[in-house]
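As structure tokens, the structure follows; a few thoughts come after it.
The values are calculated or read from the model by the stated rules, or taken from the named source; none is laboratory data. Source: prediction; values computed, not measured. No Cβ is skipped: glycine too gets one built from the backbone with ideal geometry, and neighbour counts run over all protein chains shown. These accessible areas exclude ligands, DNA and RNA; they are computed on the full protein's heavy atoms, side chains included. Shrake-Rupley method; radii C 1.70, N 1.55, O 1.52, S 1.80 Å.
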Amino acid sequence: MKDGMRKVSIFGATGSIGQNTLDLIARAPGSYDVVALTGGRNVVQLARDAVAVQASLAVTAFDDALPVLRELLAGTGVEVAGGEAALLEAADRPVDWVMSAIVGAAGLAPGFRALVQGRTLALANKESLVAAGPLLLSQAVRHGATILPVDSEHSAVFQALVGEDIAAVERIIITASGGGLRDWPLQALARATVQDAGAHPNWDMGQRITIDSASMFNKAMELIETKEFFGVRPAQIQTIIHPQSIVHALVGFRDGALMAHLGPPDMRHAIGYALHYPERRVLPVARLDLAALATLEFRAPCDTRYPALRLARAVMQTGGGAGAVFNAAKEVALDGFLAGRIGFMDMSGVVEDTLDAIAQDICLHDVIETLETVLQTDHLARIRAREQVAARPTHR
Ligand code: NDP
Ligand code: MG
């Protein structure tokens with residue numbers, strides 16, 4: 001019945017990227033056969049989508065959510081499973097293409113497993129590259145797997161590099177909207193609430209990445225992601241504030257040419273490019289009206305406002321386990337902010353102090369050669385980061 005269709009699985013199907021991926025699949029009837037869908041707590045959405053696309057398997061990452069999922073899918077013919085081991089088993093199911101869109105370090109192991117199976121991995125989960133970039137890339141080569149970027153900036157760079165020699169690249173510039181607090185006075189940032197930081201001016205995304213956009217931790221992660229994915233030197237990577245989010249990235253070549261990728265802020269472009277790759281298909285994104293846009297602004301980001309950018313530079317310089325520590329500490333700091341335990345500007349302090357503290361435990365420069373080592377480093381960094389959160393006065 002499903003002959004000739006490309007088999008796909010979506011990890012993090014209930015999230016913002018996952019839902020957009022399903023939207024694109026629904027618009028390409030007859031092209032894609034959905035094998036596994038995974039989610040977390042939102043089992044109602046997961047069950048609804050699994051039935052709609054006639055998935056073979058629906059997995060919730062949480063054991064305690066499995067009974068409800070099982071009940072919701074009883075009699076539908078969709079197989080159900082729950083827990084971390086079930087996520088890995090889902091990654092073993094033979095498919096042609098896997099979307100990695102779980103949020104946070106939890107996305108690392110399932111994506112890694114798919115790579116080891118030699119799949120094409122559409123990578124939205126930037127945490128994977130930040131925590132384990134060199135390992136992921138070497139495993140992809142070893143197992144004949146392909147990684148396609150889904151982050152809009154990296155998709156833009158990837159597209160600008162088609163047919164080009166990476167040796168001819170002088171610099172890569174990724175743009176940043178500046179997030180929801182872009183125009184706040186510097187002194188007011190310490191008092192920003194979750195609600196303030198959770199409203200993005202241009203993009204509609206999950207809550208965590210939206211707050212990371214306001215703090216620029218998202219862009220900091222993306223600087224590291226750029227270094228790892230394209231193999232360029234940190235000095236070749238720049239970021240610039242571009243409030244309109246129309247230009248996603250620019251690639252500068254040694255002959256002076258600067259190639260920009262433009263588009264409306266709609267993730268379905270980058271997701272669709274990775275889904276249909278290497279074909280370019282018609283996508284349901286708005287077409288830009290340049291005359292209506294009239295102006296595109298750019299300005300250099302201020303390091304005092306965005307300490308995360310400075311920290312990312314230090315992490316790129318150190319290499320080794322620094323990325324895994326940076327990512328884990330950032331996740332713990334964000335949890336602390338979401339819980340109202342620390343303030344908005346405390347997040348970068350927690351990350352910086354965790355990087356300093358953990359340097360007493362392990363040699364951060366050491367190359368990480370296994371997934372287990374990445375996960376151990378992540379685990380230790382979380383312990384140290386929680387200590388840093390606890391050491392801070394309760395935020396009001
Ligand atoms: P969302 O928060 O919207 O969705 C996250 C997904 O992960 C949901 O399916 C969620 O399940 C699932 N999930 C949550 N916790 C766990 C866990 N512990 N184990 C397994 N699954 C879990 O995130 P986004 O879609 O915004 O982002 C996904 C990834 O893509 C992130 O890495 C983000 O940085 C990246 N990205 C996102 C962009 C965007 O526009 N949204 C742009 C570029 C990159 P449930 O909701 O059912 O609990
Ligand atoms: Mg991005």
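Quick one: with all protein chains in place, what share of the accessible area of segment 188-272 is carbon or sulfur, to the nearest percent (1.4 Å probe)?
On segment 188-272, the fraction of accessible area on carbon and sulfur atoms equals 51 percent.
Report the antiparallel proportion of the DSSP beta bridges in the chain as a percent, rounded to a multiple of 5.
25
Multiply the residue gap between residue 258 and residue 394 by 0.36 nm, knock off their C-alpha separation, and tell me the result in nm, one decimal place.
Separation in residues times 0.36 nm, less the Cα-Cα distance, equals 44.2 nm.
Once phi is turned into θ = phi - 60°, what whole-Hz ³J(HN,Hα) does the Karplus curve with 6.51, -1.76 and 1.60 give for every residue of segment 185-196, x standing for Gly and Pro?
Karplus-based 3J(HN,Hα) across segment 185-196 equals x, 3, 5, 7, 4, 4, 9, 4, 8, 4, 5, 4 Hz.
Output the relative contact order of the chain, whole-number percent, from Cα pairs under 8 angstrom with separation of 6+ residues.
RCO, the chain: 14 percent.
How charged is the neighbourhood of residue 266? Take every other residue with its Cβ under 13 Å from the Cβ of residue 266, and add Lys/Arg as +1 and Asp/Glu as -1.
That works out to 0.
Sort 46-55, 10-19 for me by packing, meaning the mean count of neighbouring Cβ atoms within 10 Å per residue, highest on top.
In decreasing order of mean packing, 46-55, 10-19 become 10-19, 46-55.
Please report the carbon-and-sulfur percent of the accessible area for segment 316-396; probe 1.4 Å, protein heavy atoms only, DNA, RNA and ligands left out.
Carbon with sulfur: 50 percent of the solvent-accessible area.
Label residue 166 and residue 79 with points 7 Å out from Cα along Cα→Cβ: what is the distance between them in nm?
The answer from the label model is 3.6 nm.
Suppose all protein chains stay in the model; what accessible area per residue would a 1.4 Å probe give for segment 193-257, in Å²?
For segment 193-257, the solvent-accessible area averages 35 Å² per residue.
Determine which aspartates and glutamates satisfy two conditions relative to residue 330: a Cα distance under 17 Å, and not lying fewer than 8 residues away in the same chain.
Hits, sequence-local ones excluded: 127, 212, 222, 225, 346, 352, 353, 356, 378, 387.
Can you give the net charge of the other residues whose Cβ lies under 10 Å from the Cβ of residue 331, counting K and R as +1 and D and E as -1?
Local charge sum for residue 331: -1.
What shape does segment 1-134 have by the C-alpha gyration tensor, where a ≥ b ≥ c are the square roots of the eigenvalues, rounded means a/c under 1.5, and otherwise prolate means a/b greater than b/c and oblate the rest?
Cα axes put segment 1-134 in the oblate bin.
Using DSSP to define loop residues, name the GluC sites (Glu not before Pro) in segment 343-372 whose beta-carbon has at most 15 other beta-carbon atoms within 10 Å.
369
Could you compute the net charge surrounding residue 257? Neighbours are other residues with a C-beta less than 14 Å from the C-beta of residue 257; K and R count +1, D and E count -1.
That works out to -2.
Using only the Cα atoms of the chain, build the gyration tensor, take square roots of its eigenvalues as a ≥ b ≥ c, and label the shape rounded, prolate or oblate: rounded if a/c is under 1.5, else prolate if a/b is larger than b/c, else oblate.
Here the chain falls in the rounded category.
With a probe of 1.4 Å, find how much accessible area segment 314-371 has per residue, and write the answer as a whole number in Å².
Normalised by residue count, the accessible surface of segment 314-371 is 36 Å².
Listed highest first by mean packing, meaning other Cβ atoms within 10 Å per residue, what order do 154-161, 95-102, 216-223, 204-211 come in?
The packing order, highest mean first, is 216-223, 95-102, 154-161, 204-211.
Order 62-75, 167-180 from most to least packed using the mean count of other Cβ atoms within 10 Å.
Averaged packing, sorted descending, gives the order 167-180, 62-75.
Calculated FRET efficiency, residue 26 and residue 71, Cβ-Cβ r, R0 22 Å, to nearest 0.05?
Once rounded, the FRET efficiency stands at 0.30.
Which shape class, rounded, prolate or oblate, goes with segment 104-154 when its Cα gyration tensor gives a ≥ b ≥ c as root eigenvalues, a/c under 1.5 marks rounded, and past that a/b bigger than b/c marks prolate?
Here segment 104-154 falls in the prolate category.
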